[in-house]
Amino acid sequence: MTDERDPKISRRYRELGAEEPSRELDQAILAAAHRAADKPHAPLVTPAGRHRWYFAFGAAAILVLAVAVTVQIERKGSEPEAVVLDQRASPQALPATEAPGAAVRVEPKEASPVKPRYGFTSERKQRAQEAPRELAREDRFEAKEAQAPQVESPNREQGANSRNVGPAAPAAVPALRGRMAASAVPLSPERLLERIAELRKEGRHEEADKALAEFRQHYPDYRISEDMLKKVERTK
Amino acid sequence: MLAYRGGDAAAFEELYARHRARLFRFVLRNIKVRAVAEEIYQEVWMRVVEARSNYQATARFTTWLYTIAHNRLVDHWRRAGLSLVSLEEQDVPADTPDPAHHVEARETLARFAAALDALPAAQREAFLLHEEAGMTVAEIATATGANEEAAKSRLRYAMAKLKAAIADD
């Protein structure tokens, strides 16, 4: 009912006049509409006043957070390896000047004739090798190994059943380092021999031979018992 | 409007031509001062231009346009220290005879104009939306943010008063 117009009222209303906006106003509005149509859509509320710095602050905060998270991940990533490396240094391997339990990193010599099969290949290992402390330690190893034969065959060791461990024996056999590190067990000559025996038992004779050769190179004075010798040496 | 949103400036010209006079009168008769009315009228169209990217064709363009106009009027009344509610509170019953200060007027048109001016803002707005924009009660309710009963009541009171003003016509 109220939706229907009253013709008398409508007529009177029309008689009031037909005012229109000025021509200038029309042109101003149309010009603004054309300018807006030519431009890509702009934000309805442009950042102004104190809102403007929110964007810069937000971007900076995101950047700082990203860097912090990256550094944190980097640090956490290096921690497990450091622990494993610490465990590799057995009390026997420590020199007299080192306190037991201190973090000691012993890396294989690069000039070693026997290439470590299970050695670490990461960059961290290389960085660790470059550390002055490591270099000093390796200098001692080199002096000792200069007296030992460079390559030893398993056959040559068959007759040798009596050897002694020196006071500053090397810490680890590189070929087994990776495995021992993975199992997180401190390296000792006995444990290394057990691992070699396991390799032998598993039929991985090539690896066992190599590990045994390395073992003998690093522990030239170690006396391998008869029982262990049977386990670690290849039977003909 | 959808065409204009897509970058078609000619579509806006067409829209503008269709609504310019009616919208202007709607604003002018609510504000009464031409300079202020022109300012508000321009603001309404600028708002249409700015909000084109958000325009959704859920209602008639007319309803959307007059909703913007209504909001601008409310802003203006607020700035002027007025409000639709306070003006409505000054309302008088629909069957009240023509105001005393109009009794001397002989011309029906003058009486009609005076009656329109004397309407409370909300009633006048409802009447103008109905008359100028051709809106139904439901559309008036949408444009003014009122419920349908209130819109219907405002329009009915306005029509009754205007009818009374021209009763002896």
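For the residues of A:26-36, the average number of beta carbons from a partner chain within 10 Å of their own beta carbon is 6.
Sorting A:Phe215, A:Phe55 on solvent-accessible area from highest to lowest, probe radius 1.4 Å, gives A:Phe55, A:Phe215.
Computed with a 1.4 Å probe on the full set of protein chains, the accessible area for A:Ile62 sits at about 120 Å². Of A:Lys201, A:Lys8, the residue with the largest accessible area leads and the full order is A:Lys201, A:Lys8 (1.4 Å probe). Placing pseudo-labels 7 Å out from each Cα toward the beta carbon at A:Gln27 and A:Asp221 gives an inter-label distance of 10.8 nm.
Using protein heavy atoms only (no ligands, DNA or RNA), what is the total accessible area buried between B and A, 1.4 Å probe, nearest 100 Å²? Summed over both sides, the interface buries about 3800 Å².
Overall shape of region B:1-83 was characterised from the C-alpha gyration tensor. The equivalent ellipsoid obtained from it has semi-axes of 24, 13, 10 Å, in decreasing order. Largest first, the residues A:Val71, B:Val49 sort by 1.4 Å accessible area into A:Val71, B:Val49.
Peptide A:190-203 has a mean shielding of 0, counted as Cβ atoms of other protein chains within 10 Å of each residue's Cβ.
The values are calculated or read from the model by the stated rules, or taken from the named source; none is laboratory data. If you're wondering where the values come from, they're calculated on a predicted model, not measured in any experiment. Neighbour counts are summed over all protein chains in view; Cβ atoms, including those assigned to glycine, are modelled from backbone coordinates with ideal geometry. Heads up: the accessible areas ignore ligands, DNA and RNA and are worked out on the full protein's heavy atoms, side chains in. Shrake-Rupley method; radii C 1.70, N 1.55, O 1.52, S 1.80 Å.
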